[in-house]
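The values are calculated or read from the model by the stated rules, or taken from the named source; none is laboratory data. Keep in mind that what you see is a predicted model, and the values were worked out from it rather than measured. All Cβ positions, even for glycine, are placed from backbone atoms using ideal geometry, and neighbour counts span all protein chains on display. The area values use the complete protein model at the heavy-atom level, side chains included, leaving out ligands, DNA and RNA. Shrake-Rupley method; radii C 1.70, N 1.55, O 1.52, S 1.80 Å.
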Amino acid sequence: MAKRVIWIVLDSAGIGEEPDADKFGDVGSDTFGHILETYPDAKFDNLTKLGLRAIENTSFYDAATKQDVIGVYGKAQELSNGKDTTTGHWEMIGIYTKHAFPTYPNGFPQEIIDAFIEQTGCGAIYGNKVASGIPIIAEYGEEHMKTGYPIVYTSADSVFQIAASEEKVGLSRLYEMCEIARKILVGEHGVGRVIARPFVRKGDGFERTSNRRDYALEPSEHNVLLHLADAGVRVCGVGKISDIFHGSGICASVHTTGNTDGMQKTIDYMQTEPEGLIFTNLVDFDMKYGHRRDTLGYKNALEEFDAWLPKLYAQMTDEDILIVDADHGCDPTFKGTDHTREYIPILMYGKGLKQGADLGTRPTFADIGKTVEEYLLGSCVEDEKAIGKSFLQDIM
């Protein structure tokens, strides 16, 4: 009996502030809720059937939808200290981040910048400040095209971002600079991710391309992906999954050009990988719409995903389990341009699951990963340093 899990992360699709949102400046954030409030006629019919609007204690809860739910539903609270992609994904697979990754609201220390310039041989940089990607490229893009000096910037998240022109600098050179930066940014300055942000000229301005790459820290060895790998279970990553986990436990990976491509490549894997874990991150929700505070774009992207779900169902076998969740929030109606500390949805579907099972509120994202582990391995690996508790027996 071939067992398979298709795990899809809607990057940033949070469902309301967590109890400690005040510590993160995120009181009042509600990504899904505010999108539905702004566009009450949004077509999320398939997500609703999975149980989205049956999740209690959300702003969009509708008890009347429970009678038609075909999936398992609930929500999870983040235990770790953070609200970024790395922290959220790592917690899903059992890694607790007690101390938040360092952030740099005043830019990076001069010794970091000096080491970067020296080791990359880039000559100089532009930026070194907190900025949003589109404006900082607009600010320094013309000078960059003359000199080739990379644009370095950060955000409220723990990231060291390097923007460079594909035409002037080239992708291989940009990726090389990111790899060097990753080796520099360890220990005290071990940021969660170094991110390559390539762009091209478009008309009188510039446009970022889909050739982004993320360079994460090496995750703890105490995690579900390595437990699966040790047992010979294949894990295939779609999108930036392999980047987030530094390839840990990933046996095959494919990058994507956006959500639509990510959905198609998920189905492609379903047609070639009859068992194991297919792990997908759909980044457009966060990168294109959440951070840019594009509420309409976010709504449209969710509708596209919702309409695609029946195509995925058609590829599922009787033994398959589908999981749809998120990693944090990024409320497009909220202040600023940063992630928001929110609960995440847990939506699951499979012919072997109890229709309409309510998971309630799970105390950690790690419960999802432990459930995947128990399903694919038959039991959970004993690991005192990994967090999470499987809820598989409650839903089968």
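State yes or no: is residue 173 in contact (Cβ under 8 Å) with a residue 12 or more places away in the chain, among the basic types (Lys, Arg) and either over 24 Å from residue 292 (Cβ atoms) or not in a helix (DSSP H, G or I) (or both)? Working first, answer last.
Details: in contact (Cβ under 8 Å) with a residue 12 or more places away in the chain: no; among the basic types (Lys, Arg): yes; either over 24 Å from residue 292 (Cβ atoms) or not in a helix (DSSP H, G or I) (or both): yes.
Criteria not met by residue 173.
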Are there any pairs with C-beta distances below 6 angstrom linking a residue in the range 226-249 that is closer than 19 Å to residue 6 by Cβ to a residue that is charged (D, E, K, R) and open to solvent by less than 40 Å² (accessible area, probe 1.4 Å), with the two at least 6 apart or on different chains, and if so which? 227/373; 236/273; 240/214
So residue 57 clears everything in (1) surrounded by 15 or more Cβ atoms within 10 Å (Cβ to Cβ); (2) closer than 24 Å to residue 340 by Cβ except one condition, right? Which one? (1)
How many residues does the range 26-82 contain that are within 20 Å of the chain's Cα centre (by Cα), farther than 25 Å from residue 294 by Cα and among the hydroxyl-bearing types (Ser, Thr, Tyr)? 2
Would you point out which residue out of 366, 326, 386, 301 is small (Gly, Ala, Ser) and at pLDDT below 95? 386
Looking only at the range 269-309, how many residues end up being part of a helix (DSSP H, G or I) and either open to solvent by 60 Å² or more (accessible area, probe 1.4 Å) or of a type in the set (A, V, I, L, M) (or both)? 12
Restricting to the range 362-396, count the residues that are surrounded by fewer than 19 Cβ atoms within 10 Å (Cβ to Cβ) and closer than 16 Å to residue 95 by Cβ. 6
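For the subset of the range 9-40 comprising residues that are of a type in the set (Val, Ile, Thr) and within 20 Å of residue 81 (Cα to Cα), which member is surrounded by the most Cβ atoms within 10 Å (Cβ to Cβ)?
Here is the first cut: in the range 9-40, the ones of a type in the set (Val, Ile, Thr) are 9, 15, 27, 31, 35, 38.
Cutting the leftovers down to within 20 Å of residue 81 (Cα to Cα) gives us 9, 15, 27, 31.
Working: 9: 29, 15: 24, 27: 13, 31: 34.
By that ranking, first place goes to 31.
Could you tell me whether residue 248 is in contact with a Pro (Cβ under 7 Å, 6 or more places away or on another chain), buried (at least 21 other Cβ atoms within 10 Å of the Cβ), among the polar types (S, T, N, Q) and within 25 Å of residue 8 (Cα to Cα)?
Numbers: in contact with a Pro (Cβ under 7 Å, 6 or more places away or on another chain): yes; buried (at least 21 other Cβ atoms within 10 Å of the Cβ): no; among the polar types (S, T, N, Q): yes; within 25 Å of residue 8 (Cα to Cα): yes.
For residue 248, the condition - in contact with a Pro (Cβ under 7 Å, 6 or more places away or on another chain), buried (at least 21 other Cβ atoms within 10 Å of the Cβ), among the polar types (S, T, N, Q) and within 25 Å of residue 8 (Cα to Cα) - is not met.
Looking only at the range 326-340, which residues are assigned to a loop (DSSP other than H, G, I, E, B), open to solvent by less than 10 Å² (accessible area, probe 1.4 Å) and not small (Gly, Ala, Ser)? Give the derivation first.
So the first thing to find is which residues in the range 326-340 are assigned to a loop (DSSP other than H, G, I, E, B), and the list is 326-328, 330-339.
Narrowing the set further to residues that are open to solvent by less than 10 Å² (accessible area, probe 1.4 Å) leaves 326-328, 330-332, 339.
Hits for the range 326-340 are 327, 328, 330, 331, 332, 339.
Only one residue in 97, 48 is of a type in the set (Ser, Thr, Tyr), free of Cβ contacts under 8 Å to residues at least 24 places away in the same chain and assigned to a loop (DSSP other than H, G, I, E, B), so which one is that? Walk me through how you get there before you give the answer.
Working: 48 fails: assigned to a loop (DSSP other than H, G, I, E, B).
Only one candidate passes the filter, namely 97.
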What tally of residues in the range 341-396 results from selecting those that are in a strand (DSSP E or B) and in contact with a Cys (Cβ under 6 Å, 6 or more places away or on another chain)? 0
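Would you mind finding the one in 165, 220, 155, 172 that is out of contact with any Cys (no Cβ under 6 Å at 6 or more places or on another chain) and within 30 Å of residue 390 (Cβ to Cβ)? If you could, list the steps in order and put the result at the bottom.
Details: 165 fails: within 30 Å of residue 390 (Cβ to Cβ); 155 fails: within 30 Å of residue 390 (Cβ to Cβ); 172 fails: within 30 Å of residue 390 (Cβ to Cβ).
Answer to the check: 220.
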